[in-house]
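J.: One structure follows; several queries about it will come next.
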Amino acid sequence: MMNGFGLEKLGLFALRAPILATIALLLASLAAAFGVYKLQFSGENIEILRDGSQELTDYDELLSEFRDFNNDAVILMRLPNLATVDGIETFRELNFEFQLDDRVESILSIFSMVTYAGPELGWQSALPAEFETDEQVLQSLKKLAKDIPSSQSLFSENFDSAVMVVYTKADAIIDANVRETMWGLEELGKEFETDEISISIAGQPAIRSDLIRSIASDITYLAPLAVILCAILAFVLFRSPIAMFLCAFPSLLAIFWFLGGAGLSGTSLNFLTNILPVLLIVIIFADTLHLYLKWQSLCEREENALKALEEAIREIGPACGISSLTTGAALLSLCFSGNNGLFELGLVGAIGVLGGFFAIMIGMPVTAYWATLSGFKPKGTNTHALSAIAAPAMRLLRWRKSVMAGGIILCGLGLFAHSMIDSRFRLIDYLGTASEVGQSEGYIDQTYNGTTPLFAVVDMDLALALDDPKNEQRVYDTIDAVTDVFPAGSFYSLADFADEIKKHGGRVSADLIDQIPRALTSRFISENKDKVLVTIFSSANLSASDMQVRLSKLQYALDKRGLADTVRVTGYPVLSGVVAPRLMDNLRISLILAVGLSILIISLAAGSWRLGLACLVPNLLPIVMVELILYMMGIPLNLSITVALTVAFGIAVDDSVHMLNQYMINRKDHETSTAVQGALKEVTPAIFSTTLILSGGLIVMSFSSLPAMAVFSAVVIMTLVIAFLADIFQLPAYLILMDKDVD
């Protein structure tokens, strides 16, 4: 039997002091109930990527010196024809209504565009104050597109849509207010909707609002439903409502504690930590089922059900403790990624797993104690018939070296896929499948150049005037470099205004810039005039490799013009195309660390480095095989999948630990081969049942409105199935070949 480091004594204490344990459960649950009431959700996605890198430093500097572009919501109006009096005046009225809203600070649209009319008249609106004919509207829009190329990013080429960028006030889009703010803006837009006109919202605030809505929905409905479905499948297996409750109660308790603890600690759930309830269901239900099945088995030869339960805790408790430790170690490995979001995920997840172990070791014995006093005793079911599943595995043991070699080859192929698979971080992957925000983001990406700007920050020579030819040339050289990579009309800068001034024989100066509203100038020049911004409309929904290609081309174009030291490229596309993939690479390193920690823990618990090493390939195989499947299907890694693969190692270890634990129990009285076959017969029904039940429960999560959560559930299910196959076909061969006492 494995050494559980005394963790199983918690279950023995709960069984021997049930009243005290029951009071502790009630107190913990009452505290959790208060925490659940305070639970908050976050749609933040910038902070999750924060890793202390230069890219984040550049991005923070951008937001501090110019404006917080994360406050920009993009209002999309689709209409029959903007180039008519009715069309453009409707859009003007929409602009006006949004400008008056107390949640809005400023607006950028075609009505914000200005032209320079000379020293006497100064800056004027690029569009007339009113239109008389449709032809006048058409010619005005064509002239606007020609005179100010950047305006082309604000209305479609065929005039069937237009956008305005709404800069929302900071306090209106904090996590506590962003949903209400976006709902209010949506309601304002609905006033203009007709059978032919539609209004929708995209951009960072809308994305965050949509993420929060989906996360809250999943936590409220799908996670409990997954537990209920697992319980129903357990009822089908055991044919007993009490047995069903005993198996489901620890999972429900652990999720309740987890959510309550998050609320009490002020930890908001985001699109990463949102996966933890699913993970807890998988781990806790599996260990609880192992414990219950062992209790049921012992009750067949022990008259006293409580004594049988005590013996079950002694035998299975250590394995439950080790599986919790290995999963906790896998999660804690995320803390070494150097990333704020993953540090929080790893720490909160490890604490959640610890709470889950308490739920198993206290919740299951206590409820079983009271059920036993009421006359309940586990009865035999058809689970023993599932031992027949192990028969092919036992027959293959005669070719164990070939089985072992096959596993190593498959592991090698999986590791190849691990090194080759592409990665992608797209916010659209985290939006609801029916999300209007996601649909609007997709439309804007196709019709315009995207909603997520990329920025080239140009340092001015402070020893020279703003209009000095050297400073001016630096800006125009930067624009030339941008033009090498991005289409004309997809960017704007100070040069647009300088060109307007030159038409009247003047030159750009600080005084002329100050005559333009700061709401507009903050988009292209810093307040103290020491930096100029070239804003490039781009998309954050490209794959990491595609974005990296564009960024490399842009950097090459800048270097070629000698601008490497004076121009920095930043923006959300840099974070999603460079920082996020680097984060996923760090996660792969965390996976290796998790493997090492888990094997070390197993080796210490088993008192044998050979037995610990025997678990390496069988538990690495499910992870790399899932990566191989994803690679062959052309599915890139995203953050949720990468995190799933990291913590999935902890899941895969769970069944292996129980198999190894039973083998060590059998090894006391039997030689190696017999002990392995006995462990297969004993444990296969349990690990098959857990795989079946948990996969069934996780299917519920595939109906999540978050596509990433659905993919996460599919990845976990694949991992569970492959882990089951590896545990019954691979692990026994390794145990026989690596046990030091092999015959």
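J.: Report the local net charge at residue 654: Lys and Arg +1, Asp and Glu -1, summed over other residues whose C-beta lies under 13 Å from its C-beta.
T.: My count for the surroundings of residue 654 gives -3.
J.: I'd like the distance between the alpha-carbon centres of region 286-343 and region 463-530, rounded to an integer number of Å.
T.: 65 Å
J.: What percent do you get for the relative contact order of region 129-246 when only Cα pairs under 8 Å and 6+ apart count?
T.: Averaging sequence separation for qualifying contacts and normalising by length gives 12 percent for region 129-246.
J.: At 7 Å along the Cα-to-beta-carbon direction for both residue 370 and residue 129, put a label point, then send me their distance in nm to one decimal.
T.: 7.7 nm
J.: If you stretched the chain out fully between residue 176 and residue 31, how much longer would it get, using 0.36 nm times the residue separation minus the C-alpha to C-alpha distance?
T.: 49.9 nm
J.: What does the highest-first list of 697-707, 164-174 look like by mean Cβ count within 10 Å?
T.: Sorting 697-707, 164-174 by mean packing, highest first, produces 697-707, 164-174.
J.: Which label belongs to the value computed from this structure, given these candidates for Rg/Rh (Cα atoms, Kirkwood Rh): (i) 1.12; (ii) 1.08; (iii) 1.49?
T.: The calculated read-out lines up with (ii).
J.: Let me ask another. With a sphere of radius 11 Å drawn around the Cβ of residue 178, what net charge do the other residues whose Cβ falls strictly inside it have (Lys, Arg +1; Asp, Glu -1)?
T.: Residues near residue 178 contribute -1 overall.
J.: Given a Förster distance of 45 Å, report the FRET efficiency between residue 354 and residue 402 from their Cβ-Cβ distance, rounded to the nearest 0.05.
T.: 0.65
J.: Counting only C-alpha contacts under 8 Å and six or more residues apart, can you give the relative contact order of the chain as a whole percent?
T.: Once divided by the residue count of the chain, the mean separation gives 21 percent.
J.: Which entries of 146/503; 294/401; 9/379 show an alpha-carbon separation above 21 angstrom in the structure shown?
T.: 294/401; 9/379
J.: Can you compute the helix-only [θ] at 222 nm over the chain? Use -39500 (n - 2.57) per DSSP H run of at least 4 residues, normalise by all residues, nearest 500 deg cm²/dmol.
T.: Per the formula, -20000 deg cm²/dmol.
J.: Let me ask something else. What is the helix-to-structure angle for 436-447, meaning the angle in degrees between its Cα long axis and the longest Cα principal axis of the chain, kept from 0 to 90 and rounded to the nearest 10?
T.: 50 degrees
J.: Still on this structure, I have one more. Work out the FRET efficiency for residue 415 and residue 484 from their Cβ-Cβ distance, taking R0 = 45 Å, and round it to the nearest 0.05.
T.: Efficiency at R0 = 45 Å is approximately 0.70.
J.: What's the extension gain from residue 507 to residue 725 if we count 0.36 nm per residue and subtract their Cα-Cα distance?
T.: 71.1 nm
J.: Kindly express, to the nearest 10 degrees and within the range 0 to 90, the angle between helix 276-299's C-alpha long axis and the longest C-alpha principal axis of the chain.
T.: It is inclined by approximately 10 degrees.
J.: Another question, then. For region 38-80 and region 149-174, what is the centre-to-centre distance using only Cα atoms, to the nearest Å?
T.: First find each Cα centre; the distance between them is then 16 Å.
J.: Helix 223-238 versus the longest principal axis of the chain: what angle, 0 to 90°, nearest 10, using Cα atoms?
T.: 20 degrees
J.: Work out how much length residue 633 to residue 699 would gain on full extension: take 0.36 nm times their residue separation and subtract the Cα-Cα distance, in nm to one decimal.
T.: Result for the pair: 21.7 nm of gain on full extension.
J.: Can I ask one more? State, to one decimal in nm, how far the label point of residue 236 lies from the label point of residue 64, with both points 7 Å from Cα in the Cβ direction.
T.: 5.8 nm
J.: Here is a further query. What number, in percent, do you get for the relative contact order of region 1-157 if the mean sequence gap of Cα pairs under 8 Å and at least 6 apart is divided by its residue count?
T.: It rounds to 14 percent for region 1-157.
J.: Work out from phi, with θ = phi - 60° and the Karplus expression 6.51 cos²θ - 1.76 cosθ + 1.60, the ³J(HN,Hα) of each residue of region 700-708, listed in order in whole Hz, and give x for Gly and Pro.
T.: With coefficients 6.51, -1.76 and 1.60, one gets 4, 5, 5, 8, 4, 6, 8, x, 5 Hz.
J.: In nm, to one decimal, how far is the modelled label at residue 192 from the one at residue 228, with both set 7 Å along Cα→Cβ?
T.: Inter-label distance under the simple model: 4.2 nm.
J.: If you don't mind, another one. Evaluate E = 1/(1 + (r/R0)^6) for residue 530 and residue 93, where r is the Cβ-Cβ distance and R0 equals 45 Å; express this FRET efficiency to the nearest 0.05.
T.: For R0 = 45 Å, the calculated efficiency reads 0.70.
Every read-out reported here was derived from the displayed coordinates using simple, explicitly stated rules and does not represent laboratory data. Here the structure is a predicted model, which is why all the values come from computation and not from measurement. As a convention, Cβ positions derive from the backbone with ideal geometry for all residues, glycine included, and neighbour counts pool all protein chains shown.
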